[in-house]
1. Condition (residue is under 13 Å from residue 117 (Cβ atoms) and free of Cβ contacts under 8 Å to residues at least 60 places away in the same chain) applied to segment 57-77: is it met by at least one residue?
2. Condition test on residue 108, is it without any contact (Cβ under 8 Å) to a residue 40 or more places away in the chain, more than 14 Å from the chain's Cα centre (by Cα) and near the ligand (Cβ under 10 Å from one of its atoms)?
3. Condition first: within 16 Å of the ligand (Cβ to nearest atom) and either closer than 19 Å to residue 136 by Cβ or not basic (Lys, Arg) (or both). Can you find one or more residues in segment 32-39 that meet it?
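Only the coordinates and a few stated rules stand behind these numbers; no lab work does. Here the structure is a predicted model, which means the values were calculated and not measured. Cβ atoms come from the backbone with ideal geometry, glycine included; neighbour counts cover every protein chain shown.
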Amino acid sequence: MQTTFSIIKPDAVKLGNAGKILAILEGAGFRIKALRMLKLSQSQAEGFYAVHRERPFFGSLVKFMTEGSVIVMALEREDAVLKLREVMGATNPANAADGTIRKLFAESIERNSIHGSDAPETAAEELKYFFTTQELNQI
Ligand code: GDP
């Protein structure tokens, strides 16, 4: 079993797609280990996406990620990191496979409804960024 980190982004929460996304994730065999709704602060969003700080879209991405509530989650299943990336679909919804979350709900390459860690090491860091050890081990 592996645990990965995911965010339902502000576009999806605002458009009322959060429940549908959770249902897809559970249907794909993920168990929700921890979950919280919050509004990211500017510094939280900048820190989370620090790897992208030199990219031209960084300012716009931080503005988007702080515009409304998000839902942060710890998701468990076999091969959770890879499987979540599969269920999410490509970053740009125009390239996302049919049936993926981004194909179904994303509005654009930026407003693309969901984040999922890209590797087990990143997942461990991102889980720690939002959850305490106690929250991650309570069920
Ligand atoms: P992910 O791992 O599929 O989420 O993609 P990345 O790590 O490459 O990018 C992080 C996030 O930045 C994406 O999910 C998008 O919200 C946003 N993003 C990525 N590429 C672009 C881009 O070319 N333009 C804009 N405006 N946003 C982007």
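1. No, every residue in segment 57-77 fails to be under 13 Å from residue 117 (Cβ atoms) and free of Cβ contacts under 8 Å to residues at least 60 places away in the same chain.
2. Numbers: without any contact (Cβ under 8 Å) to a residue 40 or more places away in the chain: yes; more than 14 Å from the chain's Cα centre (by Cα): yes; near the ligand (Cβ under 10 Å from one of its atoms): yes.
Considered against the rule, which asks whether it is without any contact (Cβ under 8 Å) to a residue 40 or more places away in the chain, more than 14 Å from the chain's Cα centre (by Cα) and near the ligand (Cβ under 10 Å from one of its atoms), residue 108 comes out as yes.
3. Step one: list which residues in segment 32-39 are within 16 Å of the ligand (Cβ to nearest atom), which gives none.
No, segment 32-39 contains no residue that is within 16 Å of the ligand (Cβ to nearest atom) and either closer than 19 Å to residue 136 by Cβ or not basic (Lys, Arg) (or both).
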